[in-house]
Each structure stands twice: as structure tokens, then as C-alpha cells.
Amino acid sequence: MALHITARQIRLTAVIFVSLLAIWLIMGHFVWTNVNRHGNKIVVDYYFIAPMSTDNAINMFNIVSEVPNDNVVYNPTWVSPFHLKLIIDEHNYPRGVQYSYTFKKAPALIPPFSVSKTGKFLTAVNPELVSLSPTKNAPTSGPIILNFNTPINEESIKENVSCDVNGSLSPLKNDFTKWRFIPEKKLNYQQSYNINIHPGLTSKYGKKSSDKQVVNFTTAPELKLVECYPKNFSRSIWLSRNVKLTFNQPIASATISGKSLGKVHIENNIVTYVPNRVFLPTSNYKLQTNVTSRFGEKYNYTLNFNTTNLGNNKWIEIKAGSPCSVWLMQGKKQQQQVDGWFTKDIDKLPTVTMYETDRGWGTKSAETNEKLPWIKLNTDILIHPTTHTGKDNHKSLGLPKSYSCILLPSAIVDELYYDYPKGIMVIVH
């Protein structure tokens, strides 16, 4: 039996297809909005042609502010499947900004229909300055931050904002609600300055201020170095000393650089520089110090000092750790570097300058037939070789009793015993 399709049926099918497509386009891409401001809240009503899934559609909704990193606080409520009410809370600043919203395939109640729509809205407000930061102890080189309630027109702020001194105004990280004032010249210490906001200041969206605002700030005191160790141009500074700088105000950051590498520690108004290794004897050090206080004041200082003269004497440097780093030194020259092991917890190792008080040999061990040399320090610490068994039994090895031991390779202890004169100096840090 032949299937006959008439021209009328083809036209009817085409009309139905086009109608369904039109309905889909209208239902899926048309959303009406109504925006109103009530004090610090914005009420946005979204009206849909298609009944929406009130459980899932809001999950496919997103809204962002034009202000970078501004978290939009809002509360959505479904009045009906055709009506979504959104309340945006602008209790905190900024206000009167432009918002961009997106519905991305938000599901309707009629499968497979969904709604995709993007749009923007704003409710402009009159501009005003809401805060100045800081108002006390402001940095004499700036910046001073002016925080407005709404984005400000760039040309208007140049015409309607002035200070007692010349300077420049620029938006902070493309946020036109926050403006950075940088004075043209360094300001005086501990002096008050006014910033004037004149009537006619215009927001980004054309609203103008009608009142004059005058705000003031006071600059910080001068950052001064009140104490320094070692003092500049000091001589015969001991090798294990740290550099300590004391200022008249709390410090935010500091760098200290020179031929000696080290770490900087900040505690309130004190900056301490701890070298990675002790200073070399008979050496000159120039340390460049760059300090910034919590008030933004800067201080640059070059510290110059000379260290103790040890001549050509042999000595040992030990840096506490697991293992310890051990350097055999002669004068300012490094002879060898090896690892050493402290036999107690490393925090029990005194970080002081020690001196040899005695040296000798142990008795032969019955287990290993070893006979070990030892060197005793005035901190009751014994330096001796590691054993083949890894044990540190002084009784079986015939070693003197001691508080603890520093174990070194056998060849190194032999060198210390035979080649280093009695009274060896050991600096531990």
C-alpha cells in the first residue's frame, strides 16, 4: 500500500515545527527584569515565560559585580515558577555598581526546555567618600587610600578632589571605588593634611555629589635607628655574633644583604640578622639594610665592621642539625667539610664557643678491637669517631664519661688529634 503525503500535510508539519522552534526560542531566551532600590538593598524581579524548576534553576544562576573581588551577597526567593525575586544586600560598600547576571541552561518544569539568558543592571547612587586610610601614622611617601561608596568618574576626581599638597590620584587595581593618592614630594613627619571633596564629584554613572567633604590624615614619625650591634666601623667583632638593629617603631619588612648569606628575623621593632655560617676572622663586612616600618616609612643603612683576627690558628665550626655540618678551618680558610652527629636531641647542643680541655685514647673494645681517640670540650662534650657497630658505649670503649658526644669520621678525629694543637676552639651555632 503506497504512502501518500500531501502538500497540505507538509505545510502543516512545517508550521508545527516552526511554531515549536519559536516557542522554544521565546521560552528559553526571554527573561523580563524589574530593578528597584530600597535603601541599601536592591530588589530584582525576574519573570519567565516558561515555568521554572524552583529546586534546580537557581543552581544555574550566577551574578558578579563590576568591582574586582567584590562578593555579591544576595537572597533568592521563588514567588512562583514564573517569578524569581532576588534581593542584593549592599549594606557594605560599594553601592550603585553594575551587576552582570547569567542563567545558563536553567531547567524549566517542561523537559527539555531550559533558559539561557545574560544581562546587566545597575541602580546609581550619589557619590560620597566613606573612609580614608590611614588617618593616623600615614606614610610620608604615600599611598593614602580614598574609599568611595560607588565607582567614580576618572576626570571628575581629578577636578573635584584636592589635597593641601600636590599629588596624583589613580584607581586601586582597576577598582574605581578605591583611589590611591601619592604625594608629589615626601610629606613632613607628624603633620596633619586635608583632603577636600568638592560638590559636583561625579560617579561613573552620572550621579553628582552636592555637599563638600573635608577629611584629614596625620603622617607617621620618622623611622630612626636607635641602637645597632655591632656599631658601625666596629673592630674585632666575634665570629658567632648576630647583627641586631633596634628602631623607634614596629617593623613590617626588612632585607639585609652582603657577602655573608643569612636569615632576617623581625620581632616588633627589632630586626635580627642570623648568618648561615659564622663570620670569617680577619674580614671586613658591609651589610646593606633596607627596612620598612608598619607605617610605611623606609630606612636604608650600610653597616660596616671588621671581625676578630685569629691569625693562622686552626679551629672548628659546627652548625647544629641532623646531621651537623662541620667545617675544619685554618684562619679564614676552609680546609674540609664533613657531617657530624650529636648523640642527644639537637636542641640540647649548646650554641656557644667551646674549648678543648683534654684529649686521649680509649681502651680496646672487646667487641671490635677498636681503640678510639677522643677530645673533650669544656661543655662536657666528647668528640670521638663513630664506631663500626654504631654504638656509643663509653664503658666498653674505655672513653671518659660525658654529657654527650659529637661523632665524626675516624680520619677527621685522627687529624684533629694529631694535627690540631691542644686547646682547639669549637664554635657551635
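Computed from the coordinates by the stated procedures, all read-outs in this text should not be read as laboratory data. In this text the structure is predicted, and so the values were computed from the model without any measurement. Note that we place each Cβ from the backbone using ideal geometry, even for glycine, and neighbour counts take in every protein chain shown.
Annotations for the structure displayed:
- Cut-off under 5 Å, modelled amide H: who pairs with residue 191 long-range: 219
- A simple spin-label model places the labels of residue 313 and residue 102 7.3 nm from each other, with each point 7 Å out along Cα-to-Cβ.
- Among 237, 145, 49: highest mean-square fluctuation, GNM of the chain, C-alpha pairs under 10 Å: 49
- Kirkwood hydrodynamic radius (C-alpha pairs) into Stokes-Einstein, the stretch 129-218, 37 °C and 0.692 mPa s, D in µm²/s: 251 µm²/s
- Under a 5 Å amide H cut-off, with hydrogens placed 1.01 Å from N, residue 130 pairs with 147, 148, 149 among residues at least 5 apart or on other chains.
- If a spin label sat at a point 7 angstrom from the Cα of residue 30 along the line to its beta carbon, the backbone N atoms of the stretch 45-84 nearer than 19 Å would be those of 45-53, 81-84.
- Model label sites at residue 218 and residue 346, defined 7 Å from Cα along the beta-carbon direction, differ in position by 4.9 nm.
- Whole-percent P(r), the stretch 26-121, all Cα pairs, 5 Å bins from 0: 3, 13, 26, 25, 16, 11, 5, 1, 0.
- Each residue of the stretch 398-406 was assigned a 3J(HN,Hα) from its phi angle through the Karplus curve 6.51 cos²θ - 1.76 cosθ + 1.60 (θ = phi - 60°); the sequence is x, 9, x, 5, 7, 5, 6, 9, 10 Hz, with glycine and proline shown as x.
- The stretch 81-97 - phi-based ³J(HN,Hα) in whole Hz, Karplus 6.51/-1.76/1.60, Gly and Pro as x: x, 9, 9, 10, 10, 10, 10, 9, 8, 10, 4, 8, 7, x, 10, x, 9
- Net charge, residue 108 excluded, C-beta distance under 14 Å - Lys, Arg +1, Asp, Glu -1: +2
- Tilt relative to the chain, helix 410-419 - C-alpha long axis, 0 to 90 degrees, to 10: 50 degrees
- Distances between placed amide hydrogens fall under 5 Å for residue 362 paired with 372, 374, all partners being 5 or more residues away or on another chain.
- Protection proxy ranking of 302-308, 73-79, 96-102, by the mean of other Cβ atoms within 10 Å over each peptide's residues and highest first, is 96-102, 302-308, 73-79.
- Options 137, 182, 79, ranked by Cα towards positive dipole end of the chain, top entry (Cβ charges): 182
- Annotation: extensible slack from residue 235 through residue 210 equals 2.3 nm (criterion: 0.36 nm per residue apart, minus Cα-Cα distance).
- By the beta-carbon count within 10 Å of each Cβ, the least crowded to most crowded order of 165, 326, fewest first, is 165, 326.
- Evaluated at q = 0.18, 0.23, 0.25 Å⁻¹: base-10 log I(q)/I(0), Debye formula over Cα of the stretch 275-369: -1.05, -1.22, -1.29
- In a fully extended conformation the segment linking residue 62 and residue 190 would gain 41.3 nm over its present Cα-Cα distance, using 0.36 nm per residue.
- Between 412, 256, 110, the Gaussian network model of the chain with springs among Cα atoms under 10 angstrom shows the greatest mean-square fluctuation at 110.
- Listed values (1) -0.70; (2) -0.58; (3) -0.80 include one computed from this model; for log10 I(q)/I(0) by the Debye sum over Cα atoms at q = 0.09 Å⁻¹ that value carries the label (3).
- Top positive-direction residue, dipole computed over the chain with Cβ charges, set 246, 256, 112: 256
- Here r is the Cβ-Cβ distance between residue 371 and residue 227 and R0 is 51 Å; the resulting FRET efficiency, rounded to 0.05, is 0.45.
- Extended-chain gain in nm, criterion 0.36 nm per residue less alpha-carbon gap, residue 166 and residue 304: 45.8 nm
- Rounded, prolate or oblate (a/c below 1.5 giving rounded, otherwise prolate when a/b exceeds b/c) for the stretch 252-322 by Cα gyration tensor: oblate
- Theoretical FRET efficiency, 1/(1+(r/R0)^6), r = Cβ-Cβ of residue 267 and residue 339, R0 22 Å, to 0.05: 0.10
- Each of residue 147 and residue 242 was given a label point 7 Å from its Cα along the Cα-to-Cβ line. The distance between the two points is 3.6 nm.
- Between 174, 147, 248, the residue with the greatest mean-square fluctuation in the GNM of the chain (Cα pairs under 10 Å linked by springs) is 174.
- The charge dipole of the chain, taken about its Cα centre with unit charges on the Cβ atoms of Lys, Arg (+1), Asp and Glu (-1) only, comes to about 400 debye.
- Helix axis angle, 7-29 relative to the chain longest principal axis, alpha carbon, degrees: 50 degrees
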